[in-house]
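K.L.:
Before I ask anything, let me first share the structure, which is written out below as structure tokens.
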Amino acid sequence: MEYKDYYKIMGVARDATPDELKKAHRKLARKYHPDVSKEKNAETRFKEIAEAYEVLRDPEKRAAYDRLGANWQAGQEFRPPPGWQAREQAEGRGFFGEARGFDHSDFFDAIFRGMGADLGGGFGGFDTGGQDQHAKIQITLEDAYQGATRTLQLSVPGKRGQARSIEFTIPKGIRAGQQIRLAGQGAPGTGKSGAGDLYLEVEFLPHKLYRAEGRDVSMNLPVAPWEAALGAQVEAPTPTGWVEVTIPAGSSPGSKLRLKGRGLPGKPSGDFYFVLQLAQPPAGSKAAKKAYEDMAEAFKAFDPRAGLQ
């Protein structure tokens, strides 16, 4: 019998959420309902969609189906374990002890009626390795600088409402987009085969000061006009502590000052950059307004828009 790709039948990705599945089912059911559809294969498609949705909306059936999908690709033949058909014929019933005539495809019957009522057993004696699973986690930039230990709550397959805790380590120097592998914490296998692995893709939480790009980290550093013009020594924060920064005389907004090796740890470590931003003081008093008037007089020949010509 042919392997049925329920995700393809539903027109959704393999990581589709329950809401996405529900929307896809409603749309397709309206399109192919035999009472209203003008499609030639409407009844067949309607049954396929209903069967696919029945499996994918049920977490236990979906997990079992996904384990199968790790070893059979769409279009390949699926061969149920020896004796399934003979046993069903001899008993004159389905594997759940139900009467014949339940309107599912042979593929559905072979998979789900041979797995035991709790869907927790092997495929009639097959040993099938569990699928790897993927998820995203958000960490702080400080976690990436220092390393950290975190605890993750995972639902137990086949046991609704139950969860298990996994403690894992965030390696020092990890970058956004990298993955943390938790061996054996993916989907459970069947028979004597082990579970798959769980891969956690790292994302950085937004930080009020810092930005990371690869191993390099940067921040905007506000400076006063006279600090940029005359040069200055200022105190500024970094993820590893405050430092004294030398502002060269004649600095312009957007200039970068580099602290070598002060980015994310690694081999080699990244760099840390201060990006200078001009902080304009308000003319909120007579003295401040007079200072701006004196400046305008002193720089009468300066044209800030000369480069636009």
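K.L.:
Step by step: first the residues of the range 138-161, then only those that are modelled with pLDDT of 80 or more and in contact with an Asp or Glu (Cβ under 7 Å, 6 or more places away or on another chain), then the one that is surrounded by the most Cβ atoms within 10 Å (Cβ to Cβ). Which residue is that?
P.N.:
Going through the qualifying residues, I end up with Gln138.
K.L.:
Among (1) closer than 22 Å to Leu141 by Cβ; (2) surrounded by fewer than 13 Cβ atoms within 10 Å (Cβ to Cβ), where does Ala249 come up short?
P.N.:
(1)
K.L.:
Which pairs do you get when a residue that is under 15 Å from Pro225 (Cβ atoms), found in the range 282-293, comes within reach of a residue that is among the basic types (Lys, Arg), reach meaning Cβ atoms under 6 angstrom, with the pair 6+ apart or on two chains?
P.N.:
Pairs that qualify, where the first residue is under 15 Å from Pro225 (Cβ atoms) and the partner is among the basic types (Lys, Arg), are Ala283/Lys289.
K.L.:
Scanning the range 2-27 for residues that are part of a helix (DSSP H, G or I) and among the hydroxyl-bearing types (Ser, Thr, Tyr), which turns out surrounded by the fewest Cβ atoms within 10 Å (Cβ to Cβ)?
P.N.:
Tyr7
K.L.:
Tell me, which strands (runs of 3 or more DSSP E) wholly within the range 174-258 include 2 or more residues that are touching a residue at least 60 places away in the same chain (Cβ under 8 Å), within 18 Å of Asp132 (Cβ to Cβ) and out of contact with any Cys (no Cβ under 8 Å at 6 or more places or on another chain)?
P.N.:
198-204
K.L.:
Let me ask something additional. Can you name every residue in the range 28-62 that is among the basic types (Lys, Arg) and part of a helix (DSSP H, G or I)?
P.N.:
Arg30, Lys31, Arg45, Lys47, Lys61, Arg62
K.L.:
Report yes if some residue within the range 246-260 is of a type in the set (Val, Ile, Thr), modelled with pLDDT under 95 and at negative phi; otherwise report no.
P.N.:
No; the residues of the range 246-260 include none that is of a type in the set (Val, Ile, Thr), modelled with pLDDT under 95 and at negative phi.
The values are calculated or read from the model by the stated rules, or taken from the named source; none is laboratory data. Source: prediction; values computed, not measured. Please note: Cβ atoms are built from the backbone with ideal geometry, for glycine as well, and neighbour counts cover all protein chains shown.
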